[in-house]
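Read the structure below first, then the notes.
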Amino acid sequence: QVELVESGGRLVQAGGSVGLSCVASGRTFTDYHMAWFRQAPGKDREFVAAIDRITGSTYYADSVKARFTISRDNAKRTVYLQMNSLKSEDTAVYYCAARLGGTMYYNKYDYWGQGTQVTVSS
């Protein structure tokens with residue numbers, strides 16, 4: 001069991017940057033791979049980035065690979081998503097997710113936060 005709370009979403013102009021944070025409470029934080037997903041209006045929820053629970057290896061959607069960075073601080077029980085060079089198409093609700101170990105990073109997450117809105121103006 002883990003509870004996830006995202007923060008940091010805001011309105012930003014195209015080309016700007018936003019940093020998101022997700023604090024996890026509950027079980028041992030290093031039990032979980034962590035990820036970010038997003039859902040834009042009228043679209044399905046999509047994978048953005050993930051980070052391994054132990055190794056710190058990272059995984060990114062092709063659309064964000066050159067612009068976004070996922071990281072985690074296990075002592076703070078927090079995962080971050082730094083988003084740079086934002087585009088209008090990045091506008092979405094961003095969700096933090098946790099997966100209890102395993103070998104997959106792109107889906108099948110067990111726990112989800114409530115989301116935080118990021119809006120990029122043209």
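The values are calculated or read from the model by the stated rules, or taken from the named source; none is laboratory data. These figures come from a predicted structure and were not determined experimentally. Positions of Cβ are generated from backbone atoms using ideal geometry, with glycine treated the same way; all protein chains shown enter the neighbour counts. The accessibility values were calculated without ligands, DNA or RNA, using every heavy atom of the protein model including side chains. Shrake-Rupley method; radii C 1.70, N 1.55, O 1.52, S 1.80 Å.
Please verify whether Tyr95 is open to solvent by less than 60 Å² (accessible area, probe 1.4 Å), within 13 Å of the chain's Cα centre (by Cα) and within 21 Å of Gly26 (Cα to Cα), treating the condition exactly as stated. Give the steps one after another, and end with the answer.
Numbers: open to solvent by less than 60 Å² (accessible area, probe 1.4 Å): yes; within 13 Å of the chain's Cα centre (by Cα): yes; within 21 Å of Gly26 (Cα to Cα): yes.
Yes: the conditions hold for Tyr95.
Could you tell me which residue of the stretch 1-59 is nearest to Tyr94 (Cα to Cα), considering only residues that are among the polar types (S, T, N, Q) and touching a residue at least 24 places away in the same chain (Cβ under 8 Å)?
So in the stretch 1-59, the residues among the polar types (S, T, N, Q) come out as 1, 7, 13, 17, 21, 25, 28, 30, 39, 55, 57-58.
This time we only want the ones that are touching a residue at least 24 places away in the same chain (Cβ under 8 Å), so: 1, 7, 13, 17, 21, 25, 30, 39.
Values: Gln1: 21, Ser7: 10, Gln13: 17, Ser17: 14, Ser21: 10, Ser25: 19, Thr30: 22, Gln39: 7 Å.
Among those that are among the polar types (S, T, N, Q) and touching a residue at least 24 places away in the same chain (Cβ under 8 Å), it is Gln39.
Please verify whether the stretch 70-84 includes one or more residues that are open to solvent by 10 Å² or more (accessible area, probe 1.4 Å), touching a helix residue (DSSP H, G or I) at 6+ places or on another chain (Cβ under 6 Å) and either at pLDDT below 95 or closer than 15 Å to Ala35 by Cα (or both).
yes
If you check Val120, Val64, which single one turns out to be surrounded by 18 or more Cβ atoms within 10 Å (Cβ to Cβ), over 21 Å from Ala24 (Cβ atoms) and free of Cβ contacts under 8 Å to residues at least 40 places away in the same chain?
Working: Val120 fails: free of Cβ contacts under 8 Å to residues at least 40 places away in the same chain.
So the residue among Val120, Val64 that is surrounded by 18 or more Cβ atoms within 10 Å (Cβ to Cβ), over 21 Å from Ala24 (Cβ atoms) and free of Cβ contacts under 8 Å to residues at least 40 places away in the same chain is Val64.
Which one of Asp90, Asp52 is within 20 Å of Thr28 (Cα to Cα), open to solvent by less than 60 Å² (accessible area, probe 1.4 Å) and at pLDDT 95 or above?
Values: Asp90 fails: within 20 Å of Thr28 (Cα to Cα).
One residue alone meets the criteria, Asp52.
Could you check the stretch 98-109 and list, in sequence order, the residues that are over 14 Å from the mean Cα position of the chain (by Cα) and either within 17 Å of Val5 (Cα to Cα) or part of a strand (DSSP E or B) (or both)?
Quick first cut of the stretch 98-109, residues over 14 Å from the mean Cα position of the chain (by Cα) only: 100-104, 108.
Once the filter is applied, which keeps residues that are over 14 Å from the mean Cα position of the chain (by Cα) and either within 17 Å of Val5 (Cα to Cα) or part of a strand (DSSP E or B) (or both), the stretch 98-109 yields only Leu100.
Looking only at the stretch 103-114, decide whether some residue is of a type in the set (Gly, Ala, Ser), open to solvent by less than 70 Å² (accessible area, probe 1.4 Å) and at pLDDT 95 or above.
Initial filter on the stretch 103-114 (of a type in the set (Gly, Ala, Ser)): 113.
Cutting the leftovers down to open to solvent by less than 70 Å² (accessible area, probe 1.4 Å) gives us 113.
Then keep just the ones that are at pLDDT 95 or above; that gives 113.
The answer is yes, given that some residue of the stretch 103-114 is of a type in the set (Gly, Ala, Ser), open to solvent by less than 70 Å² (accessible area, probe 1.4 Å) and at pLDDT 95 or above.
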